[in-house]
Each structure stands twice: as C-alpha cells, then as structure tokens.
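Read-outs: derived from the displayed coordinates by stated rules, not from any lab. Values in this document were obtained by computation on a predicted structure and should not be read as measured data. Glycine also receives a Cβ, built like all others from the backbone with ideal geometry; neighbour counts cover every protein chain displayed.
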Amino acid sequence: MPDPNQSTEGLSLLFADDERSLQELMKLELPRMGHTVTVCPDGETAVAAIEKNNYDCIIVDLDMPGLTGIDVIAKLKEQSPDTEAVVLTGKSTTESAIAALRYGAFDYLTKPCKLVEIEALLRRVSDKRKLTKQYHAVKRRLESIEGAPRLIGDSKPMEQVRRLIGRVAPTESTVLIRGETGAGKELVARAVHDQSDRAAAPFVAINCGALPETLIESELFGHAKGAFTGADEHRVGLFEVANGGTIFLDEIGELPKAMQAKLLRVLESREIRRVGENKSVSINVRVVCATHRNIEEMVADGEFREDLMYRINTFEIYLPPLRERTDDIPELAVHLLKRFRPGAKPIEQQLSDDAIEALTSHVWPGNVRELANVIEHATILCDEGPIYAEHLPRHFGKRQLTSAAKSRGPMTLRDMEMEAIHESLERHDGSKPKAADELGISLKTLYNKLNSEGAAKNVA
C-alpha cells in the first residue's frame, strides 16, 4: 500500500493505451491518487491531445497500433520538452523500454504493473518537477542579477576553449575539464550544456569536495524514507533531478574511493540505486567533470580509480589560468562590476589606466575568483566613480614577483597555489573555513595542503 504520509502534488496526466480495461482502470484510479487524467486509446489521439494541452507527465504504452509509444514521446519532446514521459511495455524484454529512455523518457514499467508501482513512480515525477521548478527559479533570479552565465574573453587561449566546446557539445560524450581553482570551470561546463541538445533540461552542478562523506551517496542518488537515521522522507537524488539534462561533478578528484566505484557503475549502467532501496532506476544524464588536481598522479598514488579516470576522460578541455590570458582581464573586470553596479558604464568610465595596469600585471594565483574579490573590494571604496589603483585591496600586489622571488626563478604551480591559499587566509584573518569556501576546495583539502607545505619546509 502507498505510504499515506507521502503526499504527492497532483499532476496533469495523459494516459495512452489500446487496452480498454486499462483505460477504464486509469480513469478511476489516477484521480483517486490526486491527479487529473486524459485517457487516449491510441498514439494518434495522444499526439492530438499533446498539441492542444499541456501535461506534467504522460504514461504511454510502447506497442499501440499506428503511432508507437516512442513516436508519441518524440512528438512530446518537440512540443513540450519539460513534460515527463513514462512508458509501459508488455514485452518479456525491456530493450524497447530502454530505447525509449534514449528519447527522453523518465522511466518505464513492465506490464502487468501494480497500482502501487504507478503511484510510487508518479511520486518521483512530482518530486523531480518540484526540484526542477526550484532550480529554474534560482536560475532566473541569478540571471536577473548577473545576466546569463557566459565565458568572457577573446584571447587566443579562450578561442581554443570555445572551439573545443563547440566540437563536443552536440555529442553525448563525457567531458573532463581541467584547470586551476577559480579559473571558471563551471562556466565551461554550462557552455557545453547550453550548446547541446539538452539545453532546455536542467544543469545540476555539484562540488564533490563540499559534500560530507557520509551524505554523498544520498545527495547524488537519493534515499528511501527510513534508510538511515534522519531520513524522515523519501528524497530524490541530484542525478534524478538532472535526468534528461547535464550533471556537473566539480572537483571529482575529491570523491572518496568508495564513491568512485559507485559512480563508475552509474556511468556504465546508466542506472542509480537509492540508499535503502534494491530497485535500480534508469537515468538519462550527460556527465561533465572537472578537477584542478593531476588525476594521473592520483591514480599512480592509489587515490583515484584508473578505470574511472578513463571513463570520465572521453574528451578533455583545458581551461588556462588567468595569468595566461591577461588580455581578457579588462573585459572580465567590467563584467564582474555588473554584479555590484547594475547598468555598468563603458570600460573607460569604470577602470582607470593605472588600475588596468595593476590588474593585468598581477600574477592572479586565485584566478577569476580572486579578480571578483578584488573588484568587489574596489567598488566599495570608490563609490560611483571609476576604479583607481589606490582602490585595490591593501594586500594587492604584495605577493608579486619581487626581487627576492625573481632571484629564485619562476614560480611553480604549487608555489602559486600556496600563494593563493595564504592570500585568502590573510583576507579572512586566518579563518580556514572561509578561505576554503573562497578557494572552492574542501576544508579537508585545505588542511592537507597546509600540512604538506609544513612537512616540505621541515624536510628542507
């Protein structure tokens, strides 16, 4: 029996099946579950209804005379991409149903199915639609403040990044984005999503390093009510929220080894299993990953699974650090100003020559994230006037290549990384949680880096 404590938001449903007995059953039972339903005897009638009305979800038989269930789903996704589709199949095999998932179906049920199975599946549809609405609402609010997220800059390195995005976006390939912390890897992932056929579906971003190890599996795959202490209700995981769209696994190098094995299974089987449940759920999600770490070294050290590395690295995009594309800094700075000054003026009225010179000569160990902090600091000091070098933060420029630094030669990537960490700690008066949040890394990773620096100094 369905759980009476699990409330399901009423859905507007279309049910299409050529079996008269099922038609009559659904006319009675779906309204009892709290839904409104339009019942159709064949695919042609279903398509005609879809063209005239909007539905939250359709339940369609795969094997009908005339238009098949897959034909109906294909038409649905043209007409209303956000409407979910559930397929029914009476075949002993599920090959056709799995094929329907590739056309954007949410899930499938094998006949004969129980009413409780239909109700549980519709509850998942309802949960996903709620989360999707919340996602779109947050996205609209952010875009109203900052504009639609986009890659800024026309330097040669950024032109190469755009070319690679243009090549891989129309495919279904898994993408690995490499680059330093704060360089803007999520924007590259969003660009891949926005230029793909999944652009109308959700883009769900997850920072793997920010998730508590005990809750990672539940966050990614969901859980059943009572699966563990505190699991007071059924929860849809982020992979299901992203169904039909793209999931972005940022800082995948921070994923614990046990979760790496589970993620590999999901990528290979295209199925997830919620915590506390035995039934697998099919998903249709494109995966984009990112890391600032050297995955090959992690594999050699036994910290990352080699098979997972090959699975996520089908196509690689390298995002260069800000110091390798200084020509983009003035445009980036003005773009960031719009966060703090809506309706920003042209660049010559926003940044003085000495400010531009100071910005373009900086090493930028914290990349674009550091630039955003510098611009925010400057706008607070300069009121509504243009930004001058004197408005930049007190620490700004302190860690440039002084004569002492020059004497020891070029800085290594690790040196620059530690520079960024110490600058962030200085800005936040030594607060490690705040510094980790600003740098986009987990607190554990920050401690590890500081400890390894201390150990290196002791050895020296």
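One table, with the values for the structure above:
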| read-out | value |
| --- | --- |
| Separation of the Ala258 and Ile380 label points, Cα + 7 Å toward Cβ, nm | 4.2 nm |
| FRET E, pair Lys432, Ser269, Förster distance 41 Å, beta-carbon r, rounded to 0.05 | 0.60 |
| Coil-residue trypsin sites (Lys or Arg not before Pro) of region 254-294, DSSP, other Cβ within 10 Å capped at 12 | Lys279 |
| Cα-projected label distance for Lys133 with Leu109, points at 7 Å along beta-carbon direction, nm | 2.3 nm |
| Potential extension, Asn53-Glu19 segment - 0.36 nm per residue separation minus Cα distance | 9.9 nm |
| Residues of region 115-133 with amide N under 16 Å of a point placed 7 Å along Cα→Cβ from Leu28 | 115-116 |
| Added length on full extension, which subtracts the Cα-Cα distance from 0.36 nm per residue, Arg394 to Glu296 | 31.4 nm |
| Listed residue pairs exceeding 30 Å between alpha carbons, taken from Lys128/Lys257; Lys52/Lys338; Lys75/Lys156; Lys27/Lys130; Lys133/Lys449; Lys128/Lys338 | Lys52/Lys338; Lys75/Lys156; Lys133/Lys449; Lys128/Lys338 |
| Inter-probe distance in nm under a simple model that places probes 7 Å from Cα toward Cβ, at Leu151 and Glu331 | 1.1 nm |
| Distant-in-sequence amide H partners of Ile387 (H built 1.01 Å from N, under 5 Å) | Leu351, Ser352 |
| Percent of beta bridges antiparallel (DSSP, region 149-318, rounded to nearest 5) | 20 percent |
| Whole-Hz couplings from phi, Karplus 6.51/-1.76/1.60, listed for region 203-209; x for Gly and Pro | 10, 10, 9, 9, 8, 4, x |
| Average Cα contact separation per residue, region 175-284, under 8 Å, 6 or more apart, as relative contact order % | 29 percent |
| Computed over region 12-124: relative contact order in percent, which uses C-alpha pairs under 8 Å that are six or more apart | 22 percent |
